[in-house]
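The values are calculated or read from the model by the stated rules, or taken from the named source; none is laboratory data. Everything numeric in this text was worked out from a predicted model, so none of it was measured. Quick reminder, even Gly has a Cβ in these numbers, built from the backbone with ideal geometry, and neighbours come from all protein chains shown. In case anyone asks, the SASA skips ligands and DNA or RNA and just uses the protein heavy atoms, side chains included. Shrake-Rupley method; radii C 1.70, N 1.55, O 1.52, S 1.80 Å.
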Amino acid sequence: MKVNFMICGTQKGGTTALAAYLNSHPQIFIPEAKEVHFFDNEDYDWRFPDWSHYHVHFSRAKEWQICGEATPITMWWRPAMERLWRYNPHMKLIVLLRNPITRAFSHWNMEVQRGAEALGFIEAIMQERERCRVSLPLQHRVYSYVDRGFYVSQLREIWRFFPRSQLLVLRQEQLMLEPATALEDVYSFLGLASTAFGGSIIKHRRSYDLPMSRQALHFLRQTYWHEICQLQDLLDWDLADWLQLGS
């Protein structure tokens, strides 16, 4: 067997909701534990991969179902794409992109609520590079609030190994505001017939104790301005609303 598709990014971009939507399709099997974290596992011996360790998560799939999973760190974790290509060069990949400014704030809120972050948001993003040095040469899984939002380099890394025809890129806003339309795009991409839309799903949407400060918003707008402009050109999207956030 081979796993057919992966929702590989981005964290805090709606991947949990999309996995829940797809799991309701009778022809799709997604493991009960959404994030398998196989291809970003640095404790695994990647010199001699045994794919049965991955396939055990899909042992309950029916023979007429296609298998997929959602581990959003895969898009950002540098060694993951090459490992994924070694496993299945025909894998189809789905990416949900969110405004990197609001994504970073949502990520920080999640870590605060988990008890993994003690700094305020502006302090955390201003000190991110220094704090993440402890993980070198690997990336820091917790404090990477800003770094995960540089999508252009991540997309280009995917295209180093997979043709564009095997990647579907959606906006988080599309899944939130027009879920039925977004799902039609996904079903078509996966080569599946559409199924009746069962209504909107909200997963892991967290409330914030405080809004983002003007200082943090200004810092992130400056940080991501050229990145968002590049992304517009790369994907032929209109991202004016991302650029104008807070203006």
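Details
- Yes/no for Trp242 being in contact with a helix residue (DSSP H, G or I) (Cβ under 6 Å, 6 or more places away or on another chain), part of a helix (DSSP H, G or I) and either modelled with pLDDT of 95 or more or over 15 Å from Gly14 (Cα atoms) (or both): yes
- Within the stretch 32-70, considering residues that are touching a strand residue (DSSP E or B) at 6+ places or on another chain (Cβ under 6 Å) and part of a loop (DSSP other than H, G, I, E, B), the one nearest to Thr15 (Cα to Cα): Lys34
- The number of residues in the stretch 15-31 being outside any loop (DSSP other than H, G, I, E, B) and in contact with a Cys (Cβ under 9 Å, 6 or more places away or on another chain) comes to 3.
- Any hit, the stretch 88-99, residues being open to solvent by 50 Å² or more (accessible area, probe 1.4 Å), assigned to a strand (DSSP E or B) and not small (Gly, Ala, Ser): yes
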